[in-house]
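The block underneath contains the structure these notes are about, expressed in structure tokens.
The values are calculated or read from the model by the stated rules, or taken from the named source; none is laboratory data. Bear in mind the structure is a predicted one, so any value in this text is a computation, not a measurement. Glycine gets a Cβ as well: all are built from the backbone with ideal geometry, and neighbour counts include every protein chain shown.
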Amino acid sequence: MDLTSPGPRLGGHGHYLAEARELLRLALPLAATQLAQMVILATDTLMLGHYSKSALAAAAIGNTVFFFLWLLGSGPVSAVSPMVAHVVGQDATTQTRDVRVVVRMGLWAVAVISPPLLALLIFTRPVLVFLHQEPALAADAALYTGVLAAGLPCSLAFQVLRNFSTALNRPMAPLLVMGAAVLFNAAADYVLIFGHLSFPKLGLVGAGLASASSNLFTLVAMSLIALFTPGLSVYRIAHRFFSPHWDSIAELFALGVPMSVTMIFEMALFNGATLVMGTFGIAALAAHQIALTIPSLTFMIPLGIGLAATVRVGQAAGAGDAAAARRAGFTAMGVGVIFMGAMALLLLAAPRAIATLWLPDIPENEDVLALAVVFLHVAAAFQLMDGLQVTASMSLRGLKDAAGPMWLAGASYWLAGAPMSVFLGFGLGMKGYGIWLGLAFGLLVAAVTLTTRFAILSKRPAPMGQ
């Protein structure tokens, strides 16, 4: 089968299995790439946890601020994938040129949005103090984000090139780059945090330097691959690089802004929970960071499946095949739910053993570990809903449906999840446990509403999402 074709077109259960095979061929390297990105963050928290609890807590707060700004800039970057997939599905004679234009304008978008995002990082400390974080913790978090800032444009530009490659059904290149970045970051953390190999002992600053350097590494490596490997170099993404294409950049922002807001609605709820945990003390915050990191790692697999669904659904929609687009989306949802069910059982079976990978099991850490176990029990409960909502959301992206999921996400997380967290955490005095139950409720509402929307929209005849 042609790797750039949308895949099976026939109906029936057998062809759902065929679609699952095609999906997994694309999704497995994408999921591994997502997991590698999270491993970089997990490596930072793992090593900082062995450095000091205060450093771990500062990194948790700093990553909250940094990732929120990253999400603000990620919308046009995310729109590259469905736009390229639609071009590929249309099988037009101008495919090479049209793909190149989308990628070029994606990189232009990164250049436009990065300076204001970096400027906002200046206000990390006063914002955190305003949000009632401890002044010393806010100062350390601001120091950490100040170092991380150098990697922000590099990370966004890498995502553009990664989406270009994966939308062409070539997911291995980004995977290889991220695999190398994991090793690069781990070595840099080891040297810079703890001061090995005659380097200074930089602690929190060392972790930030390691992550920023890793982002630069991924951009340089992926750029070389895009420019010089046969399967991608044919698109000549640097050709007429400074020539604008206003229709494409307008579509990138028209699709990307709602996509960005959708992600912000979800992540802001979880990041807001991190800020709330800071008001319960360092033990609650550190436990929350550990418990959130672990399900975030498992989440990377259905997210990778969802990214593959964006490509599969987008290619089918671009070809005008509504049945294939529907089949691709529901197959992705089913695969995501199966995987997350297995992860839920794992989290229920050994929560403390998993938590101690991040923090040594010694008496002075008992308060953190006990809370982490409680939070992981809740995380196990919402695994299924988390896998379903992300694959449904990414399938809708393949239809170029952006505004609807944005409003559904806003309602699910901020009209359902957030009020439930406040009610349980503060109204009923359940503190951190109540906050986590509220998060689970928000994911449940999102899963139901997004799946319903895909079921409705995927019945429509082509063209879809226009």
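Taking L399 as meeting all but one of (1) surrounded by 20 or more Cβ atoms within 10 Å (Cβ to Cβ); (2) closer than 28 Å to G49 by Cβ, write down the number of the exception.
Only one criterion in (1) surrounded by 20 or more Cβ atoms within 10 Å (Cβ to Cβ); (2) closer than 28 Å to G49 by Cβ is unmet by L399, namely (2).
Can you tell me which of (1) crowded, with 18+ Cβ neighbours inside 10 Å; (2) more than 17 Å from Y144 (Cβ to Cβ); (3) charged (D, E, K, R) is the one R240 doesn't meet?
Of (1) crowded, with 18+ Cβ neighbours inside 10 Å; (2) more than 17 Å from Y144 (Cβ to Cβ); (3) charged (D, E, K, R), only one is false for R240: (1).
Within segment 201-211, does at least one residue satisfy the condition of being within 30 Å of R97 (Cα to Cα) and in contact (Cβ under 8 Å) with a residue 60 or more places away in the chain? If you could, list the steps in order and put the result at the bottom.
First, the residues of segment 201-211 that are within 30 Å of R97 (Cα to Cα): none.
Looking for residues that are within 30 Å of R97 (Cα to Cα) and in contact (Cβ under 8 Å) with a residue 60 or more places away in the chain, one finds none in segment 201-211, hence no.
Can you tell me how many residues in segment 385-430 are in contact with a Gly (Cβ under 6 Å, 6 or more places away or on another chain) and part of a helix (DSSP H, G or I)?
Here the count works out to 14.
Based on this model, can you work out whether M277 counts as among the aliphatic types (A, V, I, L, M) and closer than 30 Å to L26 by Cβ?
So M277 does not fit the description; no.
Here is a yes/no grid of residues against (1) at pLDDT below 85; (2) of a type in the set (S, T, N, Q):
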site: Q95; (1), (2): yes, yes
site: M105; (1), (2): no, no
site: S114; (1), (2): no, yes
site: F123; (1), (2): no, no
site: H132; (1), (2): yes, no
site: A139; (1), (2): no, no
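Of everything in segment 316-328, what is in contact with a helix residue (DSSP H, G or I) (Cβ under 6 Å, 6 or more places away or on another chain) and in a helix (DSSP H, G or I)? Give them in sequence order.
Residues satisfying the conditions are A316, A317, G318, A324, A325, R327, A328.
Which members of segment 377-396 meet the condition of being buried (at least 24 other Cβ atoms within 10 Å of the Cβ) and more than 19 Å from A27 (Cβ to Cβ)?
A379
Looking at segment 239-279, which of its residues are small (G, A, S), under 27 Å from the mean Cα position of the chain (by Cα) and more than 30 Å from G438 (Cβ to Cβ)?
S248, A250, A254
Could you identify the single residue in A141, A181 that is among the aliphatic types (A, V, I, L, M), under 30 Å from R236 (Cα atoms) and out of contact with any strand residue (DSSP E or B) (no Cβ under 6 Å at 6 or more places or on another chain)?
Selected residue: A181, the only one of A141, A181 that is among the aliphatic types (A, V, I, L, M), under 30 Å from R236 (Cα atoms) and out of contact with any strand residue (DSSP E or B) (no Cβ under 6 Å at 6 or more places or on another chain).
Would you point out which residue out of T166, T124 is buried (at least 22 other Cβ atoms within 10 Å of the Cβ), among the hydroxyl-bearing types (S, T, Y) and over 20 Å from A273 (Cα atoms)? Talk me through it step by step, then tell me what you get.
Values: T124 fails: over 20 Å from A273 (Cα atoms).
Exactly one residue qualifies, and that residue is T166.
Residues checked against (1) modelled with pLDDT of 85 or more; (2) within 21 Å of K431 (Cβ to Cβ); (3) surrounded by fewer than 24 Cβ atoms within 10 Å (Cβ to Cβ); (4) touching a helix residue (DSSP H, G or I) at 6+ places or on another chain (Cβ under 8 Å):
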{"residue": "T274", "(1), (2), (3), (4)": "no, yes, yes, yes"}
{"residue": "M277", "(1), (2), (3), (4)": "no, yes, no, yes"}
{"residue": "A283", "(1), (2), (3), (4)": "no, yes, yes, yes"}
{"residue": "A287", "(1), (2), (3), (4)": "no, yes, no, yes"}
{"residue": "P302", "(1), (2), (3), (4)": "yes, no, no, yes"}
{"residue": "I305", "(1), (2), (3), (4)": "yes, no, no, yes"}
{"residue": "G314", "(1), (2), (3), (4)": "yes, no, no, yes"}
{"residue": "G336", "(1), (2), (3), (4)": "yes, no, no, yes"}
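Only one of S260, S223, S213 is small (G, A, S), under 20 Å from L152 (Cα atoms) and buried (at least 20 other Cβ atoms within 10 Å of the Cβ). Can you tell me which?
S260
Find the residue count for segment 369-427, including only residues that are within 17 Å of the chain's Cα centre (by Cα) and among the acidic types (D, E).
So the answer is 1.
Output the residues belonging to segment 127-144 that are crowded, with 19+ Cβ neighbours inside 10 Å and in a helix (DSSP H, G or I).
L128, L137, A138, D140, A141, A142, Y144
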